């Protein structure tokens with residue numbers, strides 16, 4: 001059988017040379033090997049359109065758009081087909097969707113401009129033409145970068161963009177694109193630096209400033225992000241866009257009253273704006289006003305029934321009971337063709353949660369499975385690569401590395417790291433400890449992960465971390481620890497100790513010990529199936545890509561347990577393991593055990609943690625506002641018939 005790459009090239013060549021019938025034959029050959037081959041579906045649709053086989057073309061496009069609902073070129077081809085058939089209003093909508101998913105499609109902007117002009121919509125036509133002209137004058141390399149970026153080829157986009165910037169180091173559009181790539185790859189410190197530099201070159205470039213605010217928020221530099229948002233708002237207080245950004249940044253800095261006032265101002269100008277109503281709901285939820293949050297989410301859904309993140313936000317409260325009408329509305333939304341991918345993901349998870357509450361376990365599982373599959377298709381996660389990464393930690397961090405390490409690093413005892421897996425009870429432990437008068441609760445701080453990333457280096461694509469730990473000087477260790485303390489100070493409220501609840505820091509216990517030898521580390525551990533299934537049915541705001549597959553999450557849990565056992569061997573007594581089940585069985589005993597480990601006196605308010613008034617931003621925000629309960633224990637058991645892959649991946653841990 002011919003190689004796919006050879007058949008694909010012959011199909012593409014036939015299309016370029018207007019041999020459409022031959023291109024269609026080659027595309028169909030590919031589809032016999034894989035009926036969802038997106039390249040083949042696209043080529044077949046184009047070939048059929050030129051052959052005036054419009055019904056066949058639409059059939060191929062329906063399959064393409066179902067498989068890749070956010071593929072810009074697919075929607076561009078849909079626009080071309082609708083235009084050829086004389087459906088001009090629908091063609092305009094298709095072209096608009098195409099550039100929403102890939103703004104580098106010049107043909108879609110020009111087609112929109114032409115059709116909008118014919119429709120007498122001169123203002124919109126002019127705006128579309130301006131975008132087309134901007135793309136026409138964009139350097140060829142940056143146009144390629146934009147296309148690769150929006151079609152998911154991030155590594156290729158980065159290569160071209162870096163090469164271009166070496167020749168044109170002050171091109172702000174190239175800097176903006178590279179920052180976007182870095183942000184998508186999780187390299188948020190590079191993204192922040194690039195955008196800060198670009199804004200210095202072009203301070204009046206609004207898009208740069210908006211991107212810079214978003215980068216600062218991702219870096220959890222909320223005060224600086226708010227300062228930038230205030231500056232934009234001062235330029236034009238009547239702008240709903242600027243007001244909305246300032247509302248979000250005010251919320252992040254704890255000024256909820258200002259955030260609510262700004263959201264209300266935006267809604268006065270844009271009544272029923274679903275995005276604003278959803279953001280306002282998030283603010284109300286974080287502030288503890290659950291009923292008002294529910295009302296805001298409901299208003300967003302009423303305005304836009306396919307607003308997936310509003311549906312999921314309701315489900316994620318974990319206290320909302322969905323009615324029959326809600327289930328029908330969500331199913332109706334999922335039945336709509338061409339629904340945006342993340343809306344489909346959000347509603348799949350929300351509908352699964354609603355059906356689980358009703359005891360409709362098989363139907364619920366199918367929706368969890370669909371949501372996870374769609375989400376997994378977006379990620380670059382590899383269970384094999386993660387296993388190798390965690391194995392490298394064990395190889396690079398033997399006991400000898402720490403044997404004479406007592407006086408290295410920064411001596412501050414302030415940090416309390418809570419590590420483990422998400423959904424393992426870490427938010428509960430944080431809420432308990434943050435109820436103590438001498439401990440500040442903060443956030444899932446990215447600083448230690450960022451340090452590990454910087455230590456990886458860029459030498460010919462080879463990671464130098466964690467092997468580089470052997471080469472760190474005492475001065476470097478002290479500086480890294482001191483920088484961590486200074487950079488995280490912004491999140492503290494003045495207590496002598498503070499919590500960093502980033503779960504994935506379990507990978508970097510060796511690094512933490514080397515730079516902050518007096519820091520405390522608590523491993524939040526939960527029973528394997530409870531923890532893994534809870535993660536599998538949770539849609540995370542970002543990261544945690546290992547949770548979107550049964551095998552992936554099972555292997556990750558097993559690898560985590562193995563690595564934690566390694567830390568116990570090479571750093572005996574360093575980590576305190578706290579079982580979620582033990583906390584449920586004996587709250588006071590486990591609280592006293594944790595405080596003894598931290599060297600702090602017992603305080604009664606730690607037992608009344610649910611009464612502690614603080615903003616909680618994680619998925620467990622509503623649960624930790626209720627007294628201790630066992631609602632999550634054994635939640636996987638009704639789904640056991642469909643969790644074979646998870647059990648296999650966990651192996652003897654089950």
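The values are calculated or read from the model by the stated rules, or taken from the named source; none is laboratory data. Treat the numbers as computed from the prediction; the structure is a model and nothing was measured. A quick note on method: Cβ atoms are made from the backbone with ideal geometry, for glycine too, and the neighbour counts reach across all protein chains shown.
Among the residues here, residue 288 qualifies as surrounded by fewer than 23 Cβ atoms within 10 Å (Cβ to Cβ), on the phi > 0 side of the Ramachandran plot and out of contact with any helix residue (DSSP H, G or I) (no Cβ under 6 Å at 6 or more places or on another chain).
Total residues in segment 92-116 satisfying the condition of being surrounded by fewer than 23 Cβ atoms within 10 Å (Cβ to Cβ) and closer than 19 Å to residue 140 by Cβ: the figure is 6. Between 267, 327, 341, 262, the distinction of being within 24 Å of the chain's Cα centre (by Cα) and not assigned by TED's automatic domain parsing to the domain that holds residue 610 belongs to 341 only.
Summed over segment 314-354, the residues that are closer than 22 Å to residue 541 by Cα and in a helix (DSSP H, G or I) give a count of 20. Evaluating residue 70 against the criteria (1) buried (at least 17 other Cβ atoms within 10 Å of the Cβ); (2) under 29 Å from the mean Cα position of the chain (by Cα); (3) under 21 Å from residue 87 (Cβ atoms) leaves one unmet condition, (3).
If the condition is being surrounded by 14 or more Cβ atoms within 10 Å (Cβ to Cβ) and not in a helix (DSSP H, G or I), then segment 381-390 contributes only 381. Residues of segment 494-533 that are under 30 Å from residue 353 (Cα atoms) and part of a loop (DSSP other than H, G, I, E, B): 501, 502, 526, 527. Does residue 10 satisfy the criteria of being farther than 30 Å from residue 334 by Cα, in contact with a helix residue (DSSP H, G or I) (Cβ under 9 Å, 6 or more places away or on another chain), in the same structural domain as residue 130 (by TED's automatic domain parsing) and in a helix (DSSP H, G or I)? Spelling it out, residue 10 is indeed farther than 30 Å from residue 334 by Cα, in contact with a helix residue (DSSP H, G or I) (Cβ under 9 Å, 6 or more places away or on another chain), in the same structural domain as residue 130 (by TED's automatic domain parsing) and in a helix (DSSP H, G or I). In summary, residue 31 fulfils each of the numbered conditions (1) without any contact (Cβ under 8 Å) to a residue 24 or more places away in the chain; (2) over 26 Å from residue 375 (Cβ atoms); (3) in contact with a helix residue (DSSP H, G or I) (Cβ under 6 Å, 6 or more places away or on another chain) with the single exception of condition (2). Considering segment 391-464, the qualifying helices (runs of 4 or more DSSP H), each wholly inside and each with 1 or more residues that are assigned by TED's automatic domain parsing to the domain that holds residue 536, surrounded by 18 or more Cβ atoms within 10 Å (Cβ to Cβ) and at pLDDT below 90, run over 447-456.
Would it be correct to say that residue 212 is under 26 Å from residue 454 (Cα atoms) and either modelled with pLDDT of 95 or more or in the same structural domain as residue 486 (by TED's automatic domain parsing) (or both)? Yes, satisfied.
The condition of being buried (at least 16 other Cβ atoms within 10 Å of the Cβ), at pLDDT below 95 and farther than 27 Å from residue 436 by Cα holds for only one of 539, 607, that being 539. Within segment 368-380, is there a residue that is more than 30 Å from residue 590 (Cα to Cα), in the same structural domain as residue 591 (by TED's automatic domain parsing) and part of a helix (DSSP H, G or I)? No; the residues of segment 368-380 include none that is more than 30 Å from residue 590 (Cα to Cα), in the same structural domain as residue 591 (by TED's automatic domain parsing) and part of a helix (DSSP H, G or I). Taken together, the criteria exclude residue 136 from residues that are at pLDDT 90 or above and surrounded by 15 or more Cβ atoms within 10 Å (Cβ to Cβ). The condition of being in a helix (DSSP H, G or I) and out of contact with any helix residue (DSSP H, G or I) (no Cβ under 9 Å at 6 or more places or on another chain) holds for only one of 565, 552, that being 565. Going through (1) surrounded by fewer than 22 Cβ atoms within 10 Å (Cβ to Cβ); (2) touching a residue at least 60 places away in the same chain (Cβ under 8 Å) one by one, residue 552 falls short only on (1).
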